[in-house]
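Below: one structure, written as structure tokens.
The values are calculated or read from the model by the stated rules, or taken from the named source; none is laboratory data. All values derive from a computational prediction rather than experimental measurement. Glycine also receives a Cβ, built like all others from the backbone with ideal geometry; neighbour counts cover every protein chain displayed. The accessibility values were calculated without ligands, DNA or RNA, using every heavy atom of the protein model including side chains. Shrake-Rupley method; radii C 1.70, N 1.55, O 1.52, S 1.80 Å.
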Amino acid sequence: MADDAHDPGRALVALVTGATGGIGTALCAELAAHGYTVVAADLDGGRPPGARHAVTLDLRSGESCRAAVEETTERCGRLDLLVNNAGINARGRTEHMPEDVWGGVVDVNLNGTFRMSQAAYPAMAQRGGSIVNLASTGGLVAIGGSAVYGVTKAAIVHLTKVLAVEWAAVDIRVNAVAPTIVPSPMTADVLDDAEYMAAKMATIPLGRVVAPHEVAAAVRWLASTDAAMVTGHTIAVDGGVSVL
Ligand SMILES: NC(=O)c1ccc[n+]([C@@H]2O[C@H](COP(=O)([O-])OP(=O)(O)OC[C@H]3O[C@@H](n4cnc5c(N)ncnc54)[C@H](O)[C@@H]3O)[C@@H](O)[C@H]2O)c1
């Protein structure tokens, strides 16, 4: 049974976006293993292991975000944790970046995080809750060829702080995790690029990639009552990259 300071004895309900991706799949398993009733939300409506329910979600639509929250509360009666995990990347130097590609990444990563958080607010404000956003090392340090991705993740770090301040009054904590490279469909292309990976590893003091379950564990801790006084914070899960 998940630990519920607000309503002891009831399993907490977590809604995970990008649930069928690499980190999303690990999040569903981790949260389910710690007693959450997990609702998986993704474009394909897939239900990874651990998830009790699946909803189809397109973050580019506010209506779709509100429907995902509605379906969650209809099926599970409540919403305690929102993990804004879904995201996309577009690599390329800024002088060659097409404006529509830039806008597309902003729309999913930043605007999608805004839309889902806003959609979740009414359900969460009833008894308090927790939001954990997926930022990235790319939002903490400048990585060439990663402008739009990094800008959206830096904005998510700031949005995390502002929402923490705005929503503290209704006992909603808002935090983020910022991993360095994690093996997943998003990174499959660069993981096969030996030259890229050698250069990348040289920037990571602990000298390895992050396992998806290590990201999920940080999210789970931030959502837990052990972190009851932690809000507005971004935890770097990056082997030391961002302290260099
Ligand atoms: N993999 C990494 O190295 C890494 C590092 C730091 C941060 N992150 C962040 O972690 C999160 C998860 O990344 P991942 O590596 O699991 O990527 P992934 O590509 O495996 O999964 C992302 C998921 O988001 C979903 N998605 C994309 N657009 C969507 C939309 N419009 N509406 C709903 N869902 C949508 C995709 O269908 C996919 O299942 C992302 O926010 C990413 O930026 C990843």
*Determine the calculated [θ] at 222 nm for the chain from helices alone, applying -39500 (n - 2.57) to every DSSP H run no shorter than 4 residues and normalising by the residue count; nearest 500 deg cm²/dmol.*
-11500 deg cm²/dmol
_Residue among ALA86, ALA188, ALA178 with the largest mean-square fluctuation in a Gaussian network model of the chain, springs linking Cα atoms under 10 Å_ = ALA188
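Averaging the inverse of every distinct alpha carbon separation and then flipping it gives the Kirkwood radius. What is it for the range 77-190, in angstrom units? All intermediate terms of the calculation are to be shown ahead of the outcome.
On the way: mean 1/r = 0.0677 Å⁻¹.
That comes to 14.8 Å for the range 77-190.
Tell me the relative contact order for the chain as a rounded percent, counting alpha carbon contacts under 8 Å between residues six or more apart. Kindly include the intermediate steps, with their values, before the conclusion.
Details: 525 pairs, mean separation 46.4, N = 244.
It comes to 19 percent, rounded to a whole number.
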_Give the separation of the Cα centroids, the range 185-225 to the range 109-168, in Å._
19 Å
_Of all accessible heavy-atom area on the chain, the percent that carbon and sulfur account for (1.4 Å)_ = 56 percent
*Computed over the Cα atoms of the range 13-237, what is the ratio Rg over Rh, Rh following Kirkwood?*
0.95
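Provide the per residue accessible area, probe 1.4 Å, for the range 31-141, rounded to a whole number of square angstrom.
Values: 4830 Å² over 111 residues.
Here the residues of the range 31-141 average 44 Å² of exposed surface.
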_For a distance above 14 Å, tell me the whole-number percent of Cα pairs in the range 57-131 that qualify._
62 percent
*Using just the C-alpha positions of the range 168-244 as equal point scatterers, what log10 of I(q)/I(0) does the Debye formula give at each q in 0.14, 0.18 1/Å?*
-0.54, -0.77
*Give me the distance in nm between label points sitting 7 Å out from Cα along the Cα-to-Cβ direction at ALA199 and GLN118, one decimal.*
3.8 nm
